[in-house]
Amino acid sequence: GMKRRNLAWMAGAAAGTAMLIFMIGLHREEQKIQQEIAASVVRFHVKANSDTRKDQDNKLAVRDALLEKMEELLDENSDQDKEETEKILRRHLPELETCAEKVLRERNCSQSVEVSFGESWFPQKTYGEYTFPTGNYEALKVTIGEGDGHNWWCMLYPSMCFPDAFHAVPDEEGEETLEKVLSDEAYDSVLRHGKLRFSFFLAF
């Protein structure tokens with residue numbers, strides 16, 4: 001009786017511990033993959049003032065103008081890598097902000113707009129057939145007014161916002177670059193919608 005119960009308890013504890021070690025290992029693996037993905041991409045986010053129709057429309061107008069502007073900036077030397085892309089964006093922040101402001105004023109909107117570049121935390125997001133895990137990413141961020149509305153986002157590097165700014169369809173070149181800059185494992189995890197792999201950690 002007693003001995004068997006103890007053995008069963010020990011077996012259970014051992015299984016639990018093994019499971020925990022396995023989960024921690026898996027979690028570390030996920031973190032490593034997230035960090036690799038984050039180190040390889042640049043994101044673009046535009047946050048609306050609120051979720052009213054007007055604020056969301058303003059957000060999309062700002063997005064379109066900035067995508068066009070960035071296409072010019074980044075297209076001049078279209079061979080740039082991630083670091084080049086970041087440098088160009090940082091250098092033109094004031095210009096991008098002015099551009100966003102102009103769009104809002106033309107739409108009779110007096111809200112402030114802030115354009116910044118840096119590392120931000122993002123929840124898991126799916127873009128086309130790719131799912132990007134939760135974590136910190138380098139991003140060009142545009143915040144309109146209070147920034148309480150839903151945001152729109154895409155990948156600036158590899159370039160997956162163009163050529164079709166309006167539908168945000170990733171272009172093939174961007175997809176190829178993404179495949180090149182990521183390890184097979186990281187690319188698979190992004191392409192596989194990461195649901196199985198990433199979501200059960202969110203339960204903890």
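So what is the calculated 222 nm ellipticity per residue for the chain, using -39500 (n - 2.57) for each DSSP H run with n of 4 or more, over all residues, to the nearest 500 deg cm²/dmol?
Values: 7 runs with 109 residues, N = 204.
Counting only the DSSP helices, I get -17500 deg cm²/dmol.
Taking 22 Å as R0, compute the FRET efficiency from the Cβ-Cβ separation of Thr52 and Ser110 and round it to 0.05. All intermediate terms of the calculation are to be shown ahead of the outcome.
Working: r = 15 Å, r/R0 = 0.68.
That pair, Thr52 with Ser110, gives E of 0.90.
So who's got an amide H within less than 5 Å of the one on Gly147, skipping anything under 5 residues away but keeping other chains? H placed 1.01 Å off N, in plane.
Asn49
Summarise the accessible area of the chain (1.4 Å probe, protein heavy atoms) by the percent that is carbon and sulfur.
The C+S portion of the solvent-accessible surface of the chain is 53 percent.
Excluding ligands and nucleic acids, what accessible area in Å² is computed for Ser116 using a 1.4 Å probe, to the nearest 10?
40
For a quick check, take a GNM of the chain with Cα springs below 10 Å and name the residue from Gly12, Gly25, Gly174 with the largest mean-square fluctuation.
Of the options given, Gly12 has the highest mean-square fluctuation.
Considering only DSSP beta bridges with both partners in the chain, what is the antiparallel share in %, to the nearest 5?
Antiparallel bridges: around 75 percent, rounded to the nearest 5.
Modelled label-to-label distance, Ile88 and Leu191, 7 Å Cα→beta-carbon offset: nm?
Computed distance between label sites Ile88 and Leu191 equals 2.6 nm.
Could you give the length gained on full extension between Asp64 and Thr17, defined as 0.36 nm per residue of separation minus the Cα-Cα distance, in nm? Please list the in-between numbers first.
Working: separation 47, 0.36 × 47 = 16.92 nm, distance 5.18 nm.
Result: 11.7 nm gained on full extension.
Strictly under 4.7 angstrom between C-beta atoms: which cysteines of the chain have no such partner?
Cys99, Cys109
Among (i) 17.1; (ii) 17.9; (iii) 18.9, only one was calculated for this model; which label is it, if the read-out is Kirkwood radius over Cα pairs in Å?
After the calculation, the listed value that fits is (iii).
Suppose a student asked you for the relative contact order of the stretch 26-137, using Cα pairs under 8 Å spaced at least 6 residues apart; what percent would you report?
Details: 88 pairs, mean separation 32.0, N = 112.
Answer for the stretch 26-137 is 29 percent.
In whole percent, what relative contact order does the chain give with Cα contacts below 8 Å and a gap of six or more residues?
Across the chain, relative contact order equals 29 percent.
The values are calculated or read from the model by the stated rules, or taken from the named source; none is laboratory data. Quick caveat, the model's predicted, so the values are computed rather than measured. Positions of Cβ are backbone-derived with ideal geometry, glycine not excepted, and every protein chain shown enters the neighbour counts. Ligands, DNA and RNA are excluded from the accessible area calculation, which covers all protein heavy atoms including side chains. Shrake-Rupley method; radii C 1.70, N 1.55, O 1.52, S 1.80 Å.
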